[in-house]
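The values are calculated or read from the model by the stated rules, or taken from the named source; none is laboratory data. What you are looking at is a predicted structure, and each value in this text was computed from that prediction instead of being measured. Methodologically, a virtual Cβ is constructed for each residue, glycine included, from the backbone with ideal geometry; neighbour enumeration extends over all protein chains shown. Remember, those area values only see protein heavy atoms, side chains included, never the ligands or the DNA or RNA. Shrake-Rupley method; radii C 1.70, N 1.55, O 1.52, S 1.80 Å.
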Amino acid sequence: MKTLISAGDLKDKKVLLRVDFDVPVENGKIIERFRIEKQKETLDHLVSHGAKVILVSHISAVDSFGELIPQLHLILGHEINFLKTVEDIPGYLNAYAGPALLENIRNFPGEKENSQELASGLAANFDLYVNNAFAVCHRNHASVSAVAKLLPSYPGLLVEEEVARLGKAINEPRAGKVIIMGGAKAETKVPVIKNFLDRADKILIGGVVANDILKEKGLDIGASIADENSAELLKGLDLARPELALPKDFRISENKILDIGPETEKEYGDIIGGASMIIWNGPMGLFENPEFAHGTQAVAEAIINSKAAKMIGGGDTITAVNKMGLLGKFDFVSTGGGAMLAFLAGQEMPGLAVLGYEPDNIKTTG
Ligand code: ADP
Ligand code: MG
């Protein structure tokens, strides 16, 4: 597997750096800096080695990066210039004056279609491509996949770290390993549960995913939210496996299961207390309502109080734990939501495959 160090001398090299600045924005203000901060190390590395860096990212919360540039400057500690079109890149690189960010790449036709045309239009300006956007590595998009085939391509330091840490989550011996899966979107979580049945001592289930499984086991879940096609989604998952832990009691409102109950909190807490490695994705309940945040809070506290190596990921999970002020107590916070799950499920990811990573040749070192 390649590393950024193996890219060699970076002096005056024109580098296309794919970053992940897909942050939430409210009233023009970036309200979650974590993803941007995680890009700083690789940007610093490239800049301090004399590379000429153009950053590329998408953002969903707003249409344009334009109004966010001064905030990016403050968070990254670099003055960031702003380029509106691909045609602006060659002129800017000629009269290079520090790193610049290209406009929201999803505004350019062909990004989501993995267009060769967009990719070659980008690649023509650069010597190297560096992908540091782990959160989009499961996407077959032009700035992630097609462009990487046209240039010498390397992972950024964050991608290296994500692969090493999450690779360890997969490959460490199963004894003492506990994975916690909650939240919604069972189609992204069930493949992880399947992959960990033989790789973890326990899989603690909560959230809508638990509703799906309980429904499938024949329990009356009333008006609870569950996936319509849960039978389909759960196909091939042996629900009788003793590694699977399901909630035994609940917090309910209007005939809906909205959180795990106190007995389940106790049982999950005891299992967490005995773990040596914990991987958590997905809140236990409808945590946005404080009445149904107890389960998520209890799990978070049990993890913090345990001696285990602690990993967490998922947009809503991070938001929930951050609100409790406990995020800093985790050993590793993945920037990947869907990408973390795809990785943990052992799926091939286009953005990683093109850099030479295959799910079964990931060696755990770090
Ligand atoms: P993440 O972003 O961390 O991967 P998800 O997006 O999969 O997590 O799921 C988070 C969402 O699931 C939250 O909005 C939460 O309110 C919701 N949720 C969890 N449990 C329940 C439940 N029992 N009923 C309804 N919504 C739930
Ligand atoms: Mg989410």
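Given 0.36 nm per residue, what is the gain on full extension from Glu228 to Ile252 after removing their alpha carbon distance, in nm?
6.6 nm
Count charges around Ala223 for me, please; just the other residues with Cβ under 11 Å from its Cβ, Lys/Arg as +1, Asp/Glu as -1.
Residues near Ala223 contribute -1 overall.
Would you mind checking Lys112/Lys235; Lys2/Lys40; Lys112/Lys168; Lys149/Lys310; Lys217/Lys310; Lys40/Lys323 for any pair whose Cα atoms are more than 25 angstrom apart?
Correct reply: Lys112/Lys235; Lys112/Lys168; Lys149/Lys310; Lys217/Lys310.
How much of the DSSP bridge set in region 171-268 is antiparallel, in percent, rounded to the nearest 5?
If I count the DSSP bridges inside region 171-268, around 40 percent turn out antiparallel.
Roughly how tilted is helix 262-273, in degrees to the nearest 10 and between 0 and 90, from the longest Cα axis of the chain?
Orientation of helix 262-273: about 60 degrees from the principal axis.
Between Glu113 and Asp127, what length in nm is gained on full extension when 0.36 nm per residue of separation is reduced by their alpha carbon distance?
Full-extension gain reported as 2.7 nm.
To the nearest 10 degrees, how steeply does helix 294-305 sit against the main Cα axis of the chain, on a 0 to 90 scale?
Approximately 70 degrees, to the nearest 10.
Under a 10 Å cutoff between Cα atoms, tell me which one of Val15, Val25, Val130 has the largest fluctuation in the Gaussian network model of the chain.
Val25
Assigning unit charges at the beta carbon (Lys, Arg +1; Asp, Glu -1) and nothing else, what dipole magnitude in debye, to the nearest 20, does the chain show about its Cα centre?
It works out to roughly 760 debye.
If I take R0 = 56 Å and measure r between the Cβ atoms of Arg241 and Leu150 in this structure, what FRET efficiency does the formula 1/(1 + (r/R0)^6) give, to the nearest 0.05?
0.80
Which percentage, to the nearest 5, of the DSSP beta bridges contained in region 1-132 is antiparallel?
The answer is about 10 percent antiparallel.
Which loop trypsin sites (Lys or Arg not before Pro) in region 272-366, with loop taken from DSSP, have no more than 15 other Cβ atoms within 10 angstrom of their Cβ?
Taking region 272-366 and a limit of 15 other Cβ atoms within 10 Å, the loop trypsin sites (Lys or Arg not before Pro) found are Lys307, Lys363.
Using a 7 Å offset from the Cα along the Cα-to-Cβ direction at both Glu32 and Thr319, what is the distance between the two label points in nm, to one decimal?
0.6
In nm, give the distance between the simple-model label positions of Ala61 and Tyr96, each being 7 Å from the Cα along the Cα-to-Cβ direction.
3.1
Using only Cα atoms, locate the centre of region 78-127 and the centre of region 140-187, then give the distance between them in Å, rounded to an integer.
If we compute the Cα centre of each part, the gap is 25 Å.
Please work out the average accessible area per residue across the chain, using the 1.4 Å probe convention, and give it in Å².
42
What do you get for GluC sites (Glu not before Pro) in region 194-246 restricted to DSSP loop and a cutoff of at most 15 other Cβ within 10 Å of the site's Cβ?
Glu228
DSSP loop trypsin sites (Lys or Arg not before Pro) in region 1-88 with at most 14 other Cβ atoms within 10 Å of their Cβ, which ones?
Lys2, Lys11, Arg33, Lys84
Could you check which residue among Ile312, Ile180, Ile30 shows the biggest mean-square fluctuation in a GNM of the chain with a 10 Å Cα cutoff?
Sorting by GNM fluctuation, first place goes to Ile30.
With only Lys, Arg, Asp and Glu charged, each at its Cβ (+1 for the first two, -1 for the last two), find how big the charge dipole of region 82-150 is about the Cα centre; round to the nearest 20 debye.
220
About its Cα centre, what dipole magnitude does region 115-274 give when the only charges are +1 on Lys and Arg Cβ and -1 on Asp and Glu Cβ, stated in debye to the nearest 20?
260
Need one number: % antiparallel among DSSP beta bridges in the chain, to the nearest 5.
Approximately 15 percent, going by the DSSP bridge assignments.
Along the positive direction of the dipole of region 1-123 (beta-carbon charges: Lys, Arg +1; Asp, Glu -1; about the Cα centre), which of Val19, Asn114, Asn104 reaches farthest?
It is Val19.
If you fit an axis through the alpha-carbon atoms of helix 157-171 and take the longest principal axis of the Cα set of the chain, what angle between them do you get, 0 to 90°, nearest 10?
30
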